[in-house]
Amino acid sequence: MPSRRQLAVVGLPLVALAAAGCALLAVGGPDWATVAGLTLVGVAGVGAVSAVFYAVGLSEDRERAAQERARERAARRLAADTRRAMRGRFTRRRDHGGD
């Protein structure tokens, strides 16, 4: 999840756009004011949806990275355990049963 500062940096301009659009729609002036108001509200909505998808993507990336680190730690632990278990098993013996 993004930090509060990141949410404020993205969220406040979107809220301002939506508020400006609502104000233009509330005034109910000429057609251009209605079109401008709908445009501002629409841009704010698209920005909000984009910000949500971005936040979800970031959290998935962090989760994937954490899983990869856990997998690497488990592999290193398994390799170390295997080396410890195999230590001394394949030592060369000097007496070959010969003369």
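Laboratory data are not the source of any read-out in this text; all were calculated from the coordinates shown. Only a predicted model underlies this, so the values are computations on that prediction, with no experimental measurement involved. Virtual Cβ from ideal backbone geometry, glycine too; neighbours counted across all protein chains shown.
Determine which member of the set Ala75, Ala48, Ala65 is over 16 Å from the mean Cα position of the chain (by Cα), assigned to a helix (DSSP H, G or I), of a type in the set (Gly, Ala, Ser) and surrounded by fewer than 12 Cβ atoms within 10 Å (Cβ to Cβ).
Details: Ala48 fails: surrounded by fewer than 12 Cβ atoms within 10 Å (Cβ to Cβ); Ala65 fails: over 16 Å from the mean Cα position of the chain (by Cα).
Criteria check complete, one pass: Ala75.
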Single residue of the range 37-74 satisfying the filter (without any contact (Cβ under 8 Å) to a residue 24 or more places away in the chain and small (Gly, Ala, Ser)) that is nearest to Gly21 (Cα to Cα) = Gly37
